[in-house]
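Input: a single structure, listed below in structure tokens.
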Amino acid sequence: MTLEKLNNTLAAIDEINSQDPNTVTVNGESQAKELLYGQQMTDCLTQYWPDANELLQIAVRAQHIKRWQLKRTEFAEGKAGYYQWRIAQGKFHAELTASIMLEQGYSNEESEKCASILRKENLKSNPDTQTLEDVACLVFLMHYFNDFAAQYTEQDNEAKIIRIVQLTWGKMSDKAHDIALSLTLPDHLAALVGKALA
């Protein structure tokens, strides 16, 4: 049964992410960072894309699978190094997820389709890849934007925050823009988004 296969695959992804040495505190409880992130991604997909197919559901949960393995410090500093790291992460997430799917009984074709979504291939022409990007951007705005903005506000670098919001906005679909504008953000964050979109 395909639902059992899906649930087993998601559980296997969670099992790996539960080993993340990086933790975050939520409601006074310490949680593995990427385990929490995967669940936030799924929650967002379920809320706004309830009809998402199972390959997209797997890709969304696995977006940051074992992200701590490839360290940013292992790549050159600066923008070029950052992009190399991001591309290497995408390939790593894709390969690991495809191997889990094969173990759980998915076909080579299904595993490769999911891997392609995770590598963010054909962003503008593959609706599943676009939706993965949309969900990641929305989860950033909902759960991570506040800490991110605080970091640059401390450095008195509002321009950097605005540029990041503009870049994020550029990656999103019209549907994701509508969802983002419907979010109830704290006033200071809503003001930053307003400036970015002005």
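Among the numbered conditions (1) under 17 Å from the mean Cα position of the chain (by Cα); (2) surrounded by 14 or more Cβ atoms within 10 Å (Cβ to Cβ), the only one that Leu192 does not meet is (1). Residues that are farther than 23 Å from Ser116 by Cβ and assigned to a helix (DSSP H, G or I) do occur in the stretch 42-50. A single member of Val193, Val135 is more than 30 Å from Ile16 (Cβ to Cβ) and either in contact with a Gly (Cβ under 7 Å, 6 or more places away or on another chain) or modelled with pLDDT of 90 or more (or both), and it is Val193. For the stretch 1-32, what are the residues that are buried (at least 16 other Cβ atoms within 10 Å of the Cβ) and either closer than 22 Å to Gln89 by Cβ or in the same structural domain as Asp128 (by TED's automatic domain parsing) (or both)? Answer for the stretch 1-32, where residues must be buried (at least 16 other Cβ atoms within 10 Å of the Cβ) and either closer than 22 Å to Gln89 by Cβ or in the same structural domain as Asp128 (by TED's automatic domain parsing) (or both): Thr9, Leu10, Ala12, Ile13, Asp14, Ile16, Asn17, Asp20, Val24, Gln31, Ala32. How about the stretch 182-198: which of its residues are assigned to a helix (DSSP H, G or I) and touching a residue at least 12 places away in the same chain (Cβ under 8 Å)? Listed by number, the residues that qualify are His188, Leu189, Leu192, Val193, Lys195, Ala196, Leu197. For the stretch 1-41, filtering for residues that are over 17 Å from Lys66 (Cβ atoms) and in contact with a Leu (Cβ under 8 Å, 6 or more places away or on another chain) leaves 1. Taking the listed residues Leu132, Leu141, the one that is in contact with a Lys or Arg (Cβ under 9 Å, 6 or more places away or on another chain) and either on the phi > 0 side of the Ramachandran plot or touching a residue at least 40 places away in the same chain (Cβ under 8 Å) (or both) is Leu132, with no other qualifying.
Evaluating Gly170 against the criteria (1) surrounded by 16 or more Cβ atoms within 10 Å (Cβ to Cβ); (2) closer than 22 Å to Trp85 by Cα; (3) free of Cβ contacts under 8 Å to residues at least 60 places away in the same chain; (4) among the small types (Gly, Ala, Ser) leaves one unmet condition, (1).
Within the stretch 43-88, if we keep just the residues that are over 15 Å from the mean Cα position of the chain (by Cα) and of a type in the set (S, T, N, Q), the residue that is nearest to Gln104 (Cα to Cα) turns out to be Asn53.
The values are calculated or read from the model by the stated rules, or taken from the named source; none is laboratory data. Since this is a predicted model, take the numbers as computed values, not measurements. Heads up, the Cβs are rebuilt from the backbone with ideal geometry, glycines too, and the neighbour counts pull from every protein chain shown.
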